[in-house]
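Some notes on the structure that comes next.
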Amino acid sequence: MERVAQFRQQTERYLSGEISEAEFLPLRLQNGLYIQRLAPMLRIAIPYGMLSSTQLHKLADISRDYDKGYAHFTTRQNLQLNWPKLAEVPDILEELASVEMHAIQTSGNCIRNTTTDQFAGVAADELEDPRPYCELIRQWSTFHPEFAYLPRKFKIAVCASETDRAASQVHDIGLHLKHNDRGETGFTVFVGGGLGRTPVIGTRICEFMPRAEILNYLDAILRVYNQLGRRDNKYKARIKILVRALGADAFRDKVQQEFELVRGGEMTVPDSEFQRMAGFFTTPDYESCDAAAVSTAVRRQASDDRAFARWLERNVSTHKTPGYAAVTLSLKPTGIAPGDATEQQMHAAAELADSYSFGELRVSHEQNLILADVRQADLYPLWKQAQAAGMATPNIGTLNDMICCPGGDFCSLANAKSIPIAEAIQRQFDDLDYLYDIGEVDLNISGCMNACGHHHVGHIGILGVDKKGQEFYQVQLGGDSGHEASLGKVLGPSFSQDEVPGVINSLIEVYLARRQGDELFIDTYRRIGIEPFKTRVYSND
Amino acid sequence: MTELDNPMIKDGVLCENHWQLVPKGHPELPGAANIIVPALLALEHQERIAQRNDIAVWLDSDEPPELIADQLPQYCFIAINFPVFSDGRGYSYARTLRQRFQYCGEVRAIGDVLLEQLFYLHRCGFSAFELREDQNIEEALLRFNDFSEAYQSGGDQLQSVLSKRLQQSN
């Protein structure tokens, strides 16, 4: 609330002319407020993607009362309002504060929301729940006095399983939770990953940093960056450019030097504190059940109802507790901007969470909503209700579950529209059997090289470019945000908007003709390379 | 408005600033008393400065404290310049002075110093502030209390939430 009072006072001074445009800029940015092409945009923080149903109800009300009745979930697990009024922003912040939410440090050159795996705490393949560590980092980074005016924005992601569902290697800092041979917890630290104009996979600078020292180590990294990161050119100001310029070894040495000064200092975290943090993420009160019987019942429901079977296959994930499952509510129906949800959908999702998932939801970096703790016995009624709310499109992980930025329809930075491209592709692949046969493909679309749609790490990436005032689209192949992170390669000359769906179709046809066994698109690409795809697409001319 | 000529804030109270800033590129060490000299000029005239007790030094945002680390006690105080408020290097320089070099004297913020920056500057170890001329310096005194709690340890008296909690549980 002190922050709301501060920003109200700042907004009043700006509107009365006492604070200049340039001086108000970092103040509004640090409170999540951008001025966009058509209106201000307010980005609301959802720390590591966790939401209570109460919070989601409030967000729904806010988007009805202060916006146009819908909002956009982002690739960094946050929520954006695209049409708030500047004078009302302090009121929105006050409403948010009433459910312990805010928009602090969701934009500006500071440490942003720390993100993680949307299945944290329930994934069968995780070493430990990463959320207590995210919370610790969230607290450390909130109002950090030394790092509020960094050379550029700074993003941290944490993952705790082999399958990196947090795209951590394309973050400024990626932390991979590890256990050493004495069973102690620590992190492998990657620095300088990122997308944007200069896409880079992060460099490993530390194999194992004990968890007690992690905040001290983060302080050291940020201090080196704050002093040495470039400030003369905003396109060269991210930490990835500094790591590259100094070289990984020299960068590591500088961090080590700073680290030695703070090692064991006041921000060293004792085990008791980790235990206290973990106490905020207790496992819900799971019911024990006859898992085999439940699973038989679900299979029977699936064999009776093909549509339910499809949804089970695509939108339901395994859970570490027998008899439970994690459900992904798709925010990617055809024709809607990926990640958009209406006020009614947000209320409906919150009600589903109350009925079926202990009143809790998560936002994924793929821009969907997750109910993480659903009894398998409840899957069928849940599916029916999700369907009624338009959130049961069975396309999770498929080509049509694309990541997409708001693009030229909303964003003043974009070179080209991205949402109509997403829609045209979804229409091209509207046959679900065909879509399932294609299997898992990450298709990512960005409207400009700032890469908010993560096009570099899509198995298929699409980038909007401007050619003499016309919107064109460059296609890239072979990116991956997972454990074997890689950046896509450009296929060749770019295409017009109308050509894109056909091009994607040709790429898919090459894959289907060449795949061996149950190879995924990315595996076939890695095996046969870019040439067969190139030949096919450009010989069509 | 304050009646003070050339007001500044030092250790939480308004006072008059009696110090003159010597600009970068000044050819000679001026004879006048109470001058804040640029770091490079100070390095050139180390011996003369050692014999005087009315000289302070200022670091620009691309001049880290390592530059003058050996001579810190010779200066009446260390000033750190903010050429624009959004250049945040000075925050780390103040932390470095306090933490690495254990500097206990005055650390003064000069240049594009605005109301909005005071809370964080103070937390990083700045103890004196020459605000930009157009800033309302009386209101500035209130800005140090924008927030009552902090998650981080800093160069000021505000204790981190973590260390408070650990103290309570001991």
Problem set entry | Which listed residue, of A:L175, A:L228, is modelled with pLDDT of 95 or more and buried (at least 24 other Cβ atoms within 10 Å of the Cβ) | A:L175
Exercise. In this structure, is A:L413 part of a loop (DSSP other than H, G, I, E, B), under 21 Å from the mean Cα position of the chain (by Cα) and not assigned by TED's automatic domain parsing to the domain that holds A:H171?
Worked result: yes
For this session: Kindly indicate the residue of region B:7-30 that is in a loop (DSSP other than H, G, I, E, B) and acidic (D, E) and also farthest from B:W58 (Cα to Cα) among those meeting that condition.
Result: B:D11
For this session: Collect the residues in region B:116-142 that are in contact with a Leu (Cβ under 8 Å, 6 or more places away or on another chain), in a helix (DSSP H, G or I) and within 9 Å of another protein chain (Cβ to nearest Cβ), keeping them in residue-number order.
Result: B:E116, B:R123
For this session: Collect the residues in region B:73-108 that are out of contact with any strand residue (DSSP E or B) (no Cβ under 7 Å at 6 or more places or on another chain), farther than 24 Å from A:L25 by Cα and part of a helix (DSSP H, G or I), keeping them in residue-number order.
Result: B:P73, B:Q74, B:R95, B:T96, B:R98, B:Q99
Exercise. Across region A:76-116, what is the number of residues that are over 16 Å from the mean Cα position of the chain (by Cα), more than 14 Å from chain B (Cβ to nearest Cβ) and part of a loop (DSSP other than H, G, I, E, B)?
Worked result: 9
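Against the definition (within 8 Å of chain A (Cβ to nearest Cβ) and either out of contact with any Ser or Thr (no Cβ under 9 Å at 6 or more places or on another chain) or closer than 20 Å to A:V224 by Cβ (or both)), how does B:R98 come out, yes or no? Give the derivation first.
Working: within 8 Å of chain A (Cβ to nearest Cβ): no; either out of contact with any Ser or Thr (no Cβ under 9 Å at 6 or more places or on another chain) or closer than 20 Å to A:V224 by Cβ (or both): yes.
Answer is no for this residue.
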For this session: Sort out which residues of region A:183-230 are under 17 Å from A:D253 (Cβ atoms) and among the basic types (K, R), and write them in order of number.
Result: A:R204, A:R223
For this session: Out of A:Y286, A:Y324, report the one residue that is in contact with a helix residue (DSSP H, G or I) (Cβ under 9 Å, 6 or more places away or on another chain) and of a type in the set (F, W, Y).
Result: A:Y324
For this session: Considering only residues that are more than 13 Å from A:R197 (Cβ to Cβ) and surrounded by fewer than 24 Cβ atoms within 10 Å (Cβ to Cβ), look in region A:444-472 and name the one that is farthest from the chain's Cα centre (by Cα).
Result: A:K468
Problem set entry | Which numbered condition A:S53 misses (of (1) at pLDDT 95 or above; (2) hydroxyl-bearing (S, T, Y); (3) under 24 Å from A:L25 (Cβ atoms)) | (3)
Exercise. Would a scan of region A:343-351 turn up a residue that is out of contact with any strand residue (DSSP E or B) (no Cβ under 8 Å at 6 or more places or on another chain), modelled with pLDDT of 95 or more, surrounded by 15 or more Cβ atoms within 10 Å (Cβ to Cβ) and among the charged types (D, E, K, R)?
Worked result: yes
Exercise. What's the number of the condition A:Q139 fails, among (1) under 23 Å from A:K234 (Cα atoms); (2) within 14 Å of another protein chain (Cβ to nearest Cβ); (3) free of Cβ contacts under 8 Å to residues at least 40 places away in the same chain?
Worked result: (1)
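Looking only at strands (runs of 3 or more DSSP E) that fall completely inside region A:144-238, which ones have 1 or more residues that are in contact with a Cys (Cβ under 6 Å, 6 or more places away or on another chain) and of a type in the set (A, V, I, L, M)?
Strands (runs of 3 or more DSSP E) meeting the threshold: A:156-159, A:185-191.
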For this session: Go through the residues of region A:42-51 one by one and say whether even a single one is more than 14 Å from chain B (Cβ to nearest Cβ), over 23 Å from A:F147 (Cα atoms) and not in a helix (DSSP H, G or I).
Result: yes
For this session: Could you check A:R138 against (1) under 19 Å from A:S364 (Cα atoms); (2) buried (at least 22 other Cβ atoms within 10 Å of the Cβ) and say which number it fails?
Result: (2)
Exercise. In region A:202-225, how many are within 22 Å of A:G482 (Cα to Cα), among the hydrophobic types (A, V, I, L, M, F, W, C) and surrounded by 21 or more Cβ atoms within 10 Å (Cβ to Cβ)?
Worked result: 1
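I need a count of the residues in region A:503-541 that are in a helix (DSSP H, G or I), in contact (Cβ under 8 Å) with a residue 40 or more places away in the chain and within 29 Å of A:K417 (Cβ to Cβ).
Filtering region A:503-541 for residues in a helix (DSSP H, G or I) gives A:503-514, A:521-528, A:531-539.
Now narrow it down to the ones that are in contact (Cβ under 8 Å) with a residue 40 or more places away in the chain: A:504-505, A:507-508, A:511-512, A:521-522, A:525-526, A:533-534, A:537-538.
If we keep only those that are within 29 Å of A:K417 (Cβ to Cβ) as well, we get A:504-505, A:507-508, A:511-512, A:521-522, A:525, A:533-534, A:537-538.
Matching residues across region A:503-541 total 13.
Checking the structure you have, find out if any residue of region A:157-166 is closer than 24 Å to A:N31 by Cβ, assigned by TED's automatic domain parsing to the domain that holds A:A248 and buried (at least 24 other Cβ atoms within 10 Å of the Cβ).
Restricting attention to region A:157-166, the residues satisfying the condition of being closer than 24 Å to A:N31 by Cβ are A:157.
Going one step further and asking which of them are assigned by TED's automatic domain parsing to the domain that holds A:A248, we end up with A:157.
In the following step, the residues that additionally are buried (at least 24 other Cβ atoms within 10 Å of the Cβ) were identified as A:157.
Yes, region A:157-166 contains at least one residue that is closer than 24 Å to A:N31 by Cβ, assigned by TED's automatic domain parsing to the domain that holds A:A248 and buried (at least 24 other Cβ atoms within 10 Å of the Cβ).
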For this session: Residues that are touching a residue at least 12 places away in the same chain (Cβ under 8 Å) and within 14 Å of chain B (Cβ to nearest Cβ): find the helices (runs of 4 or more DSSP H) completely inside region A:259-317 holding 3 or more of those.
Result: A:271-278
Exercise. Quick one: what pairs do we get from region A:221-242, first residue within 14 Å of another protein chain (Cβ to nearest Cβ), second among the small types (G, A, S) and assigned to a helix (DSSP H, G or I), C-beta under 7 Å, 6+ apart or different chains?
Worked result: A:R223/B:S92; A:N226/B:S92; A:Q227/B:S92
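The values are calculated or read from the model by the stated rules, or taken from the named source; none is laboratory data. Note that the coordinates shown come from a computational prediction; the quantities given were computed from them, not determined experimentally. Heads up, the Cβs are rebuilt from the backbone with ideal geometry, glycines too, and the neighbour counts pull from every protein chain shown.
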